[in-house]
Amino acid sequence: MKTTSRSVRRLRRSLNPIRMGGAIFILLIVVLTLAVPLLAIPDPLAQDIANSLQPIGSPGHVLGTDRFGRDMLSRLLFGARIELVVALGATAVALVLGVTLGMLGGFLGALAETLTMRTVDVILAFPPIVLALLIVTIYGPGVSTLIITMGILFSPRFARLTYGQVVTVKHLEYVEAARVFGNSPLRTMLAVVLPNVSAPIIVQLPLTLATSILLESGLSYLGLGVVPPTPSWGLMVADGQRDMIANPSLVALPSAVIVATILAFGLLGDILRDWLDPRRGMASNL
Amino acid sequence: MARFVLKRLGLGIVLLWLVVTVVFLALHAVPGDPAAILLGSEGAGSVTPEALARVRSQLGLDKPILVQYTDYLLRLVRFDLGTSFRSTDVPVLSYISDRLPKTLELVFAAALLAVMVGIPLGALAARIGGLVDTLISSLTTLGISMPVYVIGTIFVLVFSLQWGMFPAGGYATLEANPVGHFQRLVLPAIALSFGIGSVVARMTRSSVLETVAQDWVRTARSQGLPRAQVFRRHVIRNSLTPVVTTLGLEIGTLLGSTVLIERVFTWPGMGSLLIDAVNARDYPVVQGIVIVIAALFILINLIVDLLYGVLDPRARQ
Amino acid sequence: MATLSRRSVLGAGSVSLGLLLTGCQGTATPGQSAAKLASELKIGLSADVPDLKPSRDQGAAAMMLDTLIHRGLLGYDAQGKVVPALAESFTPSADNKSFTVKLRKGLKFSDGSALTSANVKKTLEFLATSASGAKIYATMSKLESVETPDDLTAIVKLKGANVAFPSYLADTTAAILPDKAFSAQGTSWEGAGPFKLDTTQKGVSFTFTKNPEFYDAAKVNFEKVIVTVYADGQARLNALLATDVQLIDFVPWESFDRVKQDASLKLDPQSGPWMYLHFNVAKGGPLANEKVRQAIALAVNRENVAKAAFSGQANVVAGSPIAESSQFYDSKLASGWKQDVAKAKQLMAEAGYASGFDAVLLTSSQYAFHQDTALSVQPDLAAIGIRTTLDSGDWATRQTKAAEGRYDIAVAGSAGVVNDPSFLVNFVTGPAANNRSFGFDDPQLDALLQKGLEASTDADRKAVYNQVQERILTTVPFASLVGRAQAFAYSKKLTGFANIPGFLTFESGYTLVGAQLQA
């Protein structure tokens, strides 16, 4: 049908080799992460101090070992799992919280609007890492704290998107018609508004995932994110700094993986934006 | 105009009040004894009756919560941020006032670099297009994807340890060692400006492309005005407003990134202090810094808003 | 210990006076052209000391600051020999049970107030009070009385003989303090040392200026000493490499070679402090059972600790930390805790913990070697069923938690106070402290250690200390891991400073008096 073929055409136009590369990279990470328990790689926590600081290409350790003799490839892959768990968790929390706030603010009148949108403003008044550090000071580091904190920090984007859509759509005739026909506000919200909001939200998801990884790795770099010895890419960068003159791969490998992942999610976001929501898209950047 | 300024100012103050309230509530967000939670986060086996009593008295947690809140607000109005857990005779404000200028110097240098390099690069990419555009766009894409501590660490590795061009970090006072002072400012400022500069460049590029495509530009060209003049005089000025807004929003990220950069380069600013305080679970210091940084962010955004109002009369409605 | 008679001190004094006069021209040896000396020394220090309480064991960084601001009756020279400081003479009685102290004339604290025998009395009694938490409390608790017949004389009487007593008084924590240091929250930034505190930038740096009231001020070559805190080892090293500072402590072990390769720098290592685990025994539970502690001591792989945490610059210590060169060393007893995982598991089973237990392992992220030691032993403990979670905050927090018993197992690194096995007493008994097992009490061991202090012949002492070592192997007040090299690194332009050997490495700040820096 016309809509479908138009959307397929837009999809094809939104792709280019670099973006395809990004999308494939993410797919690869996801697959590897899921497959990790099945792969024949050493335990990321297993120390083998006699074999510490081996370079890339050593027998038995394709990407070398760190100062405790732990396999780098293994730590990167297990680190990927943690990254994805934290990123997905945070994004999910941000999504649910943000959309709820936006909906409530848009639909339920002036008071709700003030409460919800001011809350969003307050969250946005903090540089994310600073608020995260405040929370860590009180509640300690750890995966669950991270997920909740980051979820709250990233909800404003979703809240504003949703709110904007609700306000736009609220007065459209078919919405009012739905109300007249007796649908509860909630049903109207869910049945009518959500589908309209979905496009910009879907576009936003990979960007939030990227930002989650960025923030979490920063906190782990400071030693305040994931608790060692659980592997985390940010922590690997921090650990690698001590030996980086003789073994730059200890810093280069996790850095490269972090950058590539964030980049890939960004590209995915670009693909989705050009495909699903081209009105928002500005002149495309790569 | 005055009404616009006053309104913005008022909103800013309200926001600040909400922010400090949120910070206050953070400690009480979860049901339970805040003192126990604070100590419990230090690790198992941390909570002893003496430690609990110590924390409770230092934070005034034994009073009813409304009293605590009003005390807290009253003290904040007097710029009293409490005293550090670690040295109970040192007011948090003195710690912060010591470190704040150093952080501001870094932030200012980075913002300056970002604007001075980012805007021309973005405009260039939009104007020339083609290979130059691809190159600059790739650079900026990389710039927004690289965590600031990765950039910093690589800078230290390459420019300091391998090539010995700059010292690897630390701080030299301007009076004692001005050359050394600026030598140590270079790498962290550039590393910090990478990310935000990339955002500014991308924003400028998009904004310029959009402006150029607009009708009035074509009108100006059709009236015979030379391309360069149109570009310089009209396009740039009009493209700048979104860039200013972006810069304002990105200052928050910049303040956050400063925390990481100060760690990489051991720059003794507020970021280093914050990290030390978090590691020591020195809650008053952490709370104080968070409030100051948020206040700074609100202030900067206020200035950006006002600037926006100056640049674009339509915004003053 | 050599008797420090007044005559020998006077003799030494006149010789040093002569040297001083030539030294005033800025040369070490007469005949050379005068080299220009720098008046300012910059030091990079591994930890901040927010509140200085000299009597307590606050760690190496605090000891460095103590050597700048404070002085005790005695001190150490570059070879680790006890030398007079505030005391002009320090004469033990024949039975080593009482000591006559003669103070120098005209001693003053940096604020100008006089330092008399009354201050000596007050300080020693303070150190002998359990509530003060003094590092050398275990020794000072044997104090019987301090008599002060006049302002310059104090007679210190002990309950029992202690031939090593002067060494304890030479420690930085035995500094003589002004009265205000003894108030409830008393910290002490004023003392009778070579420098006084001028300004601080909290958490960043301390600036000291020469103390004109110091008894040996003429020998002090620096008008100003600026101590900057670099908590991160790499940052500290980088500061030295960039000549931001001229002297650093705690050179990161992985960077030893890097310093050696730099022609302008000197690496000054000594082997001294030792790493060990200590336990929270008061809590009850598995760690109160000596078989569990034995199992832990037998489970750890010490070579791994040496390699992972110290890049190999450490030696295995599988028993009591008595140096091989010491006459009290016994090779069999020194390997009593040689790794034997099977035996460790058996002991765990015998203690009733075949399925293991959970424990909190306390360390600090501020000193990388500390945390690496913890990370290194973690899997060893897991192998015998002890599942540990790391508790790794900053150094000050680690010290507080250790002193308050908020841990199960803790990593520690310490230097004994004196180079004599009697120092072991500080690690096996006494009120709660941050470097020994919490709630540990072994009266039999205490008695043996006391016997060692009182034994008259070396043969007797050796026999007693053998028994001490055997007892330690059984009751495990601490589980030794490795002895680590401890290094300072400094510009070759700095002369006169030395890393004092053995346990005394942290007293090396004493050698800054008389040290010079070429401009």
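The values are calculated or read from the model by the stated rules, or taken from the named source; none is laboratory data. Quantities reported herein were computed from a predicted structural model and do not represent experimental measurements. As a convention, Cβ positions derive from the backbone with ideal geometry for all residues, glycine included, and neighbour counts pool all protein chains shown.
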Exercise. What number goes with the only condition from (1) of a type outside the set (S, T, N, Q); (2) under 22 Å from C:ALA415 (Cβ atoms); (3) at pLDDT 90 or above that C:ALA299 does not pass?
Worked result: (2)
Seminar exercise, completed: From the option list B:LEU131, B:LEU93, B:LEU81, single residue qualifying as closer than 28 Å to B:VAL304 by Cβ, in a helix (DSSP H, G or I) and among the hydrophobic types (A, V, I, L, M, F, W, C) is B:LEU93
Problem set entry | Residue within segment B:197-212 that is closer than 30 Å to A:ALA246 by Cβ, surrounded by fewer than 23 Cβ atoms within 10 Å (Cβ to Cβ) and touching a residue at least 60 places away in the same chain (Cβ under 8 Å) present | no
Exercise. Pairs under 6 Å by beta carbon, first residue farther than 22 Å from C:ARG406 by Cα in segment C:283-305, partner of a type in the set (S, T, N, Q), six or more apart or different chains?
Worked result: C:ASN301/C:GLN339; C:ASN304/C:SER376; C:VAL305/C:THR373; C:VAL305/C:SER376
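Hey, among the residues in segment C:387-410 that are aliphatic (A, V, I, L, M) and part of a helix (DSSP H, G or I), which one's nearest to the other protein chains (Cβ to nearest Cβ)?
Step one: of segment C:387-410, the residues aliphatic (A, V, I, L, M) are C:390, C:396, C:402-403, C:409-410.
Going one step further and asking which of them are part of a helix (DSSP H, G or I), we end up with C:396, C:402-403.
Values: C:ALA396: 6, C:ALA402: 11, C:ALA403: 11 Å.
Only one residue fits best here, namely C:ALA396.
Just to be sure before I move on: is C:LEU445 modelled with pLDDT under 95 and either crowded, with 18+ Cβ neighbours inside 10 Å or aromatic (Phe, Trp, Tyr) (or both) in the structure I sent? Quick ask: steps written out before the conclusion?
On the way: modelled with pLDDT under 95: yes; either crowded, with 18+ Cβ neighbours inside 10 Å or aromatic (Phe, Trp, Tyr) (or both): yes.
Yes.
From the list B:VAL30, B:VAL20, B:VAL5, B:VAL14, which residue is in contact (Cβ under 8 Å) with a residue 24 or more places away in the chain and within 14 Å of chain A (Cβ to nearest Cβ)? First the steps, then the outcome.
Values: B:VAL30 fails: in contact (Cβ under 8 Å) with a residue 24 or more places away in the chain; B:VAL5 fails: within 14 Å of chain A (Cβ to nearest Cβ); B:VAL14 fails: in contact (Cβ under 8 Å) with a residue 24 or more places away in the chain.
Step by step, each of B:VAL30, B:VAL20, B:VAL5, B:VAL14 is checked, and only B:VAL20 is in contact (Cβ under 8 Å) with a residue 24 or more places away in the chain and within 14 Å of chain A (Cβ to nearest Cβ).
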Problem set entry | Of all residues in segment A:33-70 being surrounded by 17 or more Cβ atoms within 10 Å (Cβ to Cβ) and among the small types (Gly, Ala, Ser), the one that is farthest from C:GLU254 (Cα to Cα) | A:GLY64
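For segment A:180-240, list the helices (runs of 4 or more DSSP H) that sit wholly inside it and hold at least 1 residues that are within 17 Å of A:PRO128 (Cα to Cα); which are they?
Numbers: elements: A:185-188, A:194-221, A:233-240.
Correct list: A:194-221, A:233-240.
Check C:GLY483, C:GLY413, C:GLY430 and return the single one that is more than 17 Å from C:LEU333 (Cβ to Cβ) and part of a strand (DSSP E or B).
Working: C:GLY483 fails: more than 17 Å from C:LEU333 (Cβ to Cβ); C:GLY430 fails: part of a strand (DSSP E or B).
Of the residues listed, the single one that is more than 17 Å from C:LEU333 (Cβ to Cβ) and part of a strand (DSSP E or B) is C:GLY413.
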For this session: Kindly list the number of the only condition in (1) under 30 Å from C:PRO269 (Cα atoms); (2) in contact with a Pro (Cβ under 6 Å, 6 or more places away or on another chain) that fails for C:PHE440.
Result: (1)
Exercise. Hey, does segment B:172-179 have a residue that's assigned to a helix (DSSP H, G or I) and either among the small types (Gly, Ala, Ser) or in contact with a Cys (Cβ under 7 Å, 6 or more places away or on another chain) (or both)?
Worked result: no
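Would you confirm, using the coordinates I've provided, whether B:TYR149 is in a loop (DSSP other than H, G, I, E, B), surrounded by 14 or more Cβ atoms within 10 Å (Cβ to Cβ) and within 14 Å of chain C (Cβ to nearest Cβ)? Give the derivation first.
Values: in a loop (DSSP other than H, G, I, E, B): no; surrounded by 14 or more Cβ atoms within 10 Å (Cβ to Cβ): yes; within 14 Å of chain C (Cβ to nearest Cβ): yes.
No.
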Problem set entry | Selected residue (criterion: nearest to C:ASP372 (Cα to Cα)) from residues of segment C:300-320 that are away from every other protein chain (no Cβ under 12 Å) and not in a loop (DSSP other than H, G, I, E, B) | C:ALA314
Seminar exercise, completed: When every residue in segment C:163-187 that is under 24 Å from C:PHE423 (Cβ atoms) and in a loop (DSSP other than H, G, I, E, B) is compared, the one farthest from the other protein chains (Cβ to nearest Cβ) is C:VAL163
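Does B:ASP89 qualify as being surrounded by fewer than 19 Cβ atoms within 10 Å (Cβ to Cβ), within 13 Å of chain A (Cβ to nearest Cβ), more than 24 Å from the chain's Cα centre (by Cα) and more than 24 Å from A:ARG118 (Cα to Cα)?
Details: surrounded by fewer than 19 Cβ atoms within 10 Å (Cβ to Cβ): yes; within 13 Å of chain A (Cβ to nearest Cβ): no; more than 24 Å from the chain's Cα centre (by Cα): yes; more than 24 Å from A:ARG118 (Cα to Cα): yes.
Answer is no for this residue.
Identify, please: which residue in segment B:97-114 is within 14 Å of chain C (Cβ to nearest Cβ) and touching a Gly at 6+ places or on another chain (Cβ under 6 Å) and is, among those, surrounded by the most Cβ atoms within 10 Å (Cβ to Cβ)?
As a first pass, look at segment B:97-114 and keep what is within 14 Å of chain C (Cβ to nearest Cβ): B:97-103.
Still in the list and also touching a Gly at 6+ places or on another chain (Cβ under 6 Å): B:99, B:102-103.
Working: B:ARG99: 25, B:LYS102: 22, B:THR103: 27.
Step by step, filter segment B:97-114, then rank; the result is B:THR103.
May I ask you to list the residues in segment C:131-150 that are touching a Phe, Trp or Tyr at 6+ places or on another chain (Cβ under 8 Å), within 19 Å of C:LEU52 (Cα to Cα) and not β-branched (Val, Ile, Thr)?
The initial filter retains those residues of segment C:131-150 that are touching a Phe, Trp or Tyr at 6+ places or on another chain (Cβ under 8 Å), namely C:132, C:134, C:136, C:139-140.
Then keep just the ones that are within 19 Å of C:LEU52 (Cα to Cα); that gives C:132, C:134, C:136.
Across segment C:131-150, the qualifying residues are C:SER132, C:ALA134.
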Exercise. Does C:GLY439 satisfy being over 15 Å from C:VAL360 (Cβ atoms), at pLDDT 90 or above and within 14 Å of chain B (Cβ to nearest Cβ)?
Worked result: yes
Exercise. Quick check: is even one residue across segment C:488-502 in a helix (DSSP H, G or I) and in contact with a strand residue (DSSP E or B) (Cβ under 8 Å, 6 or more places away or on another chain)?
Worked result: yes
For this session: Might you let me know whether segment C:213-224 holds any residue that is within 12 Å of chain B (Cβ to nearest Cβ) and either surrounded by fewer than 20 Cβ atoms within 10 Å (Cβ to Cβ) or over 19 Å from C:GLY509 (Cα atoms) (or both)?
Result: yes
For this session: Please state which one of A:ARG118, A:ARG160, A:ARG81 is part of a helix (DSSP H, G or I), basic (Lys, Arg) and either free of Cβ contacts under 8 Å to residues at least 12 places away in the same chain or surrounded by 24 or more Cβ atoms within 10 Å (Cβ to Cβ) (or both).
Result: A:ARG118
Exercise. Taking segment C:362-374 as the search range and keeping residues that are surrounded by 24 or more Cβ atoms within 10 Å (Cβ to Cβ) and farther than 14 Å from C:ALA306 by Cβ, which one is farthest from the other protein chains (Cβ to nearest Cβ)?
Worked result: C:TYR367
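Any residue that is under 25 Å from C:GLN234 (Cα atoms), crowded, with 22+ Cβ neighbours inside 10 Å and within 14 Å of chain B (Cβ to nearest Cβ) - is there at least one of those in segment C:347-360? Quick ask: steps written out before the conclusion?
Restricting attention to segment C:347-360, the residues satisfying the condition of being under 25 Å from C:GLN234 (Cα atoms) are none.
Among the residues of segment C:347-360, not one is under 25 Å from C:GLN234 (Cα atoms), crowded, with 22+ Cβ neighbours inside 10 Å and within 14 Å of chain B (Cβ to nearest Cβ), which makes the answer no.
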Problem set entry | Tally of residues being surrounded by 24 or more Cβ atoms within 10 Å (Cβ to Cβ) and either in a loop (DSSP other than H, G, I, E, B) or of a type in the set (S, T, N, Q) (or both) across segment C:68-79 | 3
Exercise. Taking only pairs six or more apart or across chains, which ones have beta-carbon atoms under 7 Å, a first residue in segment A:124-151 that is under 14 Å from A:VAL86 (Cβ atoms), and a second residue that is part of a loop (DSSP other than H, G, I, E, B)?
Worked result: A:VAL136/A:LEU224; A:PRO141/A:LEU224; A:PRO141/A:GLY225; A:PRO141/A:VAL227; A:GLY142/A:VAL227; A:VAL143/A:VAL226; A:LEU146/A:GLY225
Problem set entry | One residue from B:ALA36, B:ALA51 being in contact with a helix residue (DSSP H, G or I) (Cβ under 7 Å, 6 or more places away or on another chain), under 20 Å from B:VAL278 (Cα atoms) and more than 13 Å from chain A (Cβ to nearest Cβ) | B:ALA51
Exercise. Among the residues of segment C:126-141, is any surrounded by fewer than 18 Cβ atoms within 10 Å (Cβ to Cβ), aliphatic (A, V, I, L, M) and in contact with a Lys or Arg (Cβ under 9 Å, 6 or more places away or on another chain)?
Worked result: no
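Does C:LYS492 qualify as being over 17 Å from the mean Cα position of the chain (by Cα) and more than 27 Å from C:GLY312 (Cα to Cα)?
Working: over 17 Å from the mean Cα position of the chain (by Cα): yes; more than 27 Å from C:GLY312 (Cα to Cα): no.
When the stated conditions are applied, C:LYS492 does not pass them.
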